[in-house]
Structure formats: C-alpha cells, structure tokens
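Report on one structure; see the data block that follows.
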Amino acid sequence: MEILKTLIKKSDTKIVLIVLDGVGDLPLKNGKTPLEYANTPNLNNLAKKSALGLHIPVDLGITPGSGPAHLGIFGYEPLKINIGRGVLEALGLGLELRETDVAVRGNFATIKYEKGIPIVIDRRAGRISTEENKRLIKYLSQNFSSIEDAQIILRSGMEHRFVVIFRFPYQISYEVETINDTDPQAVGKPPLKPYGKGKMAEKVAKIAEIFCEKVAELLKNESKANYALLRGFSVKPKLETFEEKFGLKACCIATYPMYKGLASLVGMKLIEFEGMNIKDEIETLKFQWNNFDFFFVHIKKTDSAGEDGNFEMKVKIIEEFDMLLPEILSLNPSVLCITGDHSTPCILKSHSWHPVPVLINSSYVLGNTSERFTEREALKGELGIFYAYKLMPLLLAHAQRLKKYGA
Ligand code: ZN
C-alpha cells in the first residue's frame, strides 16, 4: 500500500462513502434478501449507471466485528491492526482516548471471602441494571480519582459493564497489552492478579491491582456488585490519518459512539448534529458540503434490524434510505460509494463472513452490468469480489486523485 502514497495527487473532487451497517444478507422471504425485497427505485436507477461488486470485509470465512470491518473499508488492513477490547469499549461509550491512556473493560462481579480470600461467585454481579451501574460508577468516581500518578476515569456501560481509563502524565507503550485479565473466567475461583511484561506494564498492573482493592473496599456493603474484574488492557493504536494516507480532509457523520470513535482513530473530523435519523445525517452532509473532501456517513439501523432478525425492519430502513438518496445525488459528488461494513443476515441474527455489495458511482464507470444494488446483481458487476481494504484506492482513482504508476 506504500506505493499508493506516492501516487496521491491534489484535486478538488469530493467523495461520499455511505455505510449501511450490516446491509449484506441472505435470502429469507420469497427467496429474497432484504435488498432484493425492498422497493428501491432510486438505488435501482443508480445501480444501472454504476460500478458494482462485492467486498470481503476481512478475509474469507472471517466474521468481523464492526471495528475491523470499518478499518477495512477505511483502507487499513484489518488483520495488521489490533484494536484492543478496552479501546473499542471506551470508544463505544464515547470516551476520547489519548496516547497517555490505558483503556480497560470492567465487569462488576460478586465475591465472597473464604478465609480472607476473595472468591468470585458471579462474574456479572447478577447482571445488575444499567441504572444500578450508573449509581455505582458515580459513587466510585466521587470517592477516588487517582492512584499514584494515574488519573482514574470511569464510565458506565450496559448492565454490569464499565470502562476504566488510567490516564498517565506520559506516553504509554504497547507493552501494557501484555497485562492479563483479572477475570478467572469461572466461578468458585479467586480473581487473578494482574501482571505485565516490562517496566511500564508492571507499573500499570500494580495500579490496576490497587484499583481492584479500592473498588472492593468501597463496595464492600453492596449485595451484588462488590467487586470489579478487569479485561482487555489496551492502548490507542497509532494509525496514519486519512489526510496522511490519502491526502483527504475527511469527516464522519454518525450517530453511534463506536463509529465516531473508529473514525476519530483515523483522524476524521467528527461532526456534531441534532437527531438520530438518516434524514438528519443527510441534512448534515449537505450543511458540511463545502468543508471536506471525504464524507463518511454511517447508517446503523440496517445492522440492528439484522441482529434482531427483523427482515421487515431491514427492508423498511433500506427503503427509507432509497427515498433520501436523491438528496445525496443532488450534491453531485464526484464519487458516491454505497456499501456495508459486513453482512448481518436476518437468519443468523448476527454478523457474518459473507461478501458485501459495493456500488461506486462516478463519471468513469463501465456501468450497465447490474439492474439493482443487491447481493446477486452486484456479482455481475465490473468490480468483482475484492478485499475491503482495496476500496479506498478505487475511490481515489475514481475521484481522479491518483497519478499514473511508472513511466
Ligand atoms: Zn457493523
């Protein structure tokens, strides 16, 4: 991919990347997928004059999380980049991470003491309610804010989950990712002591140990959540930004924290706006049109419908997007790409490994290969099947932002 950097040229073209999260699917109703079943006159029209194909999010047979799947379509080889669980969870809760942070996932748990030794009797503290979790996090935050030179930042997640950030006054190295989880992964066992390899990791492990002791002390009178188990010690990965890698001034229009977090990892500017609907996102796109070269617009609800196995809902969201498509086209982007980050088939109610349809519309496509933007019609298209991380070079080429390679 290094070659790409040498080919980047300046241009004032604009690229819009629409990600319908988890849009790819499998046949369910009348042998049709949601994309096939939906009534999509605008997408159909666009498909006829666009380049179509399918992308493989990570690799053959690999079912990706949204993290690696987005890194792929952003042009980063997902298997070469490791985003720690703590970092993903923190980003998912809307926390901003610094290079001086260690992000860790926490679980409230229940322990009892046998001869003074803590024994885990419920690794999830009976799945306490999110409200209960918030009360505990507030209480903990009020009662301690630092250990040695680490500032403690706590944020509630759903039910028993939370995130803790240990923020230091200096840069943190990857060696802290060697620290083991303190969750023994079974009940009837004591929590594990955190250990790390290397000086800095040892120090962070020690602070984590003090943190757990302190939580146990403060929560000793709680009936359920009287302990914290820690997992996924991680640091913010250092990634080349979109600007450095592709020469693009990029922004992110998304409603869910995790996608904003992923976009911020690659240096996209996060746009704040009111509302949670596709319409609000497209309004924002219009409003920001003169400010950026690259617009990442994330639409979450297709994935949620797939996860719920709700075929009708997925169809409805695809149709809602189709109705709003002319608004995007009215901006006349040099390149418009519509795809998903992975498939979320309704019959699986989860992400899957299946290739995802891709549509690229620009002035430089062959076109007339496919009648619609669907999994099967995309197979007939000129893009074939390719790895997701190769999408960005294609978009750059279509946007006339790449020079010739060699003489
Ligand atoms: Zn996703």
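Every number here is computed from the coordinates shown, using simple stated rules; none is lab data. It should be emphasised that the depicted structure is a prediction, and the values quoted were computed from it without experimental measurement. Cβ coordinates were reconstructed from backbone atoms using ideal geometry, including for glycine residues, and neighbour counts include every protein chain displayed.
Just check segment 242-310 against the gyration tensor rule for me: Cα atoms, a ≥ b ≥ c as the square roots of the eigenvalues, rounded for a/c under 1.5, and otherwise prolate or oblate depending on whether a/b exceeds b/c.
The shape class here is oblate.
Lys and Arg at +1, Asp and Glu at -1: add these up for the other residues within a Cβ distance under 9 Å of residue 153 and post the number.
+1
Residue 402's amide H: which non-local residues (gap 5+, or another chain) put their own amide H closer than 5 Å, with H modeled 1.01 Å from N in plane and none for Pro or chain starts?
9
Given points 7 Å out from each Cα along the Cα-Cβ axis, report the residue 308 to residue 148 separation in nanometres with one decimal.
Reported label-point gap for residue 308 and residue 148 is 4.7 nm.
Apply the Karplus parameterisation 6.51 cos²θ - 1.76 cosθ + 1.60, with θ equal to phi minus 60°, to every residue of segment 65-82 and state each ³J(HN,Hα) to the nearest whole Hz, in sequence, with x for glycine and proline.
x, 5, x, x, 5, 6, 4, x, 5, 7, x, 10, 5, x, 6, 9, 10, 10
Per the Kirkwood definition applied to all pairs of different Cα atoms, how many angstroms is the hydrodynamic radius of segment 297-390?
14.5
Can you give the net charge of the other residues whose Cβ lies under 13 Å from the Cβ of residue 126, counting K and R as +1 and D and E as -1?
So the environment of residue 126 carries a net charge of 0.
Please list the non-local residues whose amide H lies under 5 Å from the amide H of residue 54, H modeled 1.01 Å from N, same-chain partners needing a gap of 5 or more.
Answer set, sorted by chain and number: 358, 384, 385, 386.
What is the Rg over Rh value, at two decimals, for segment 1-145, using alpha-carbon atoms and the Kirkwood definition of Rh?
1.11
Using the Cα centre as the reference, give the magnitude of the dipole from point charges on the C-beta atoms of the chain (Lys, Arg: +1; Asp, Glu: -1; all else neutral), rounded to the nearest 20 debye.
Using Cβ point charges on Lys, Arg, Asp and Glu, the chain gives about 560 debye.
Could you pull out the pairs from 260/390; 134/314; 134/197 whose alpha carbons sit more than 30 Å apart here?
Pairs exceeding the cut-off: 134/314; 134/197.
Just grab the label-to-label distance for residue 241 and residue 45, each label 7 Å out from Cα along the Cβ direction, in nm (one decimal).
So the label points at residue 241 and residue 45 sit 3.8 nm apart.
Quote the relative contact order of segment 89-234 in percent (integer), defining contacts as alpha-carbon pairs under 8 Å separated by 6+ residues.
Reported as a whole number, the value is 31 percent.
Can you list residues from other chains, or at least 5 along the same chain, whose modelled amide H is less than 5 Å from the amide H of residue 187?
Long-range HN contacts for residue 187: none found.
Given a Förster distance of 30 angstrom, what is the FRET efficiency for residue 349 paired with residue 185, based on the Cβ-Cβ distance and rounded to 0.05?
In this case the efficiency is close to 0.75.
In Å, what Kirkwood hydrodynamic radius results for segment 182-297 from the alpha-carbon pair distances?
18.0
Under the Karplus relation 6.51 cos²θ - 1.76 cosθ + 1.60, θ = phi - 60°, what is the ordered set of whole-Hz ³J(HN,Hα) values for segment 98-103, x standing for Gly and Pro?
Along segment 98-103, the couplings run 10, 6, 9, 9, 10, 9 Hz.
Using 1/(1 + (r/R0)^6) with R0 = 25 angstrom and r between the beta carbons of residue 171 and residue 213, what's the FRET efficiency to the nearest 0.05?
With R0 = 25 Å, the Cβ-Cβ based efficiency is 0.40.
May I ask you to derive the relative contact order of the chain, considering only C-alpha pairs under 8 Å and at least 6 residues apart, and to give it as an integer percent?
RCO, the chain: 34 percent.
In 10 Å bins starting at 0, how do the alpha-carbon pair distances of the chain split up by percent?
Reading the bins upward from 0: 5, 21, 28, 22, 15, 8, 1, 0.
Could you run the Karplus curve 6.51 cos²θ - 1.76 cosθ + 1.60 with θ = phi - 60° over segment 319-335 and give me ³J(HN,Hα) per residue in whole Hz, x for Gly and Pro?
Listing the rounded values in order: 5, 4, 5, 4, 5, 8, 4, x, 4, 5, 5, 5, 7, 6, x, 5, 9 Hz.
Suppose every K and R has +1 on its Cβ and every D and E has -1 on its Cβ; what is the size of the dipole of segment 138-282 about the Cα centre, in Debye to the nearest 20?
In total the dipole reaches around 180 debye.
Could you work out [θ]222 nm for the chain from helices alone, using -39500 (n - 2.57) per DSSP H run of at least four and dividing by all its residues? Round to the nearest 500 deg cm²/dmol.
-9000 deg cm²/dmol
From the residues 147, 396, 225, which one has its Cα farthest along the dipole of the chain in the positive direction, the dipole being from +1 and -1 charges on Cβ of Lys/Arg and Asp/Glu about the Cα centre?
Of the candidates, 147 comes out farthest on the positive side.
First obtain the Kirkwood hydrodynamic radius of segment 89-234 from its Cα pairs, then insert it into the Stokes-Einstein equation at 25 °C and 0.890 mPa s, and state the resulting D in µm² per second as a whole number.
Rounded to a whole number, D works out at 162 µm²/s.
Got a sec? Charge dipole of the chain, +1 on Cβ for Lys and Arg, -1 for Asp and Glu; which of 291, 192, 276 is way out at the positive end?
192
State to the nearest 20 debye the size of the charge dipole of segment 292-407 about its Cα centre, where the only charges are +1 on K and R beta carbons and -1 on D and E beta carbons.
The dipole of segment 292-407 has a size of about 500 debye.
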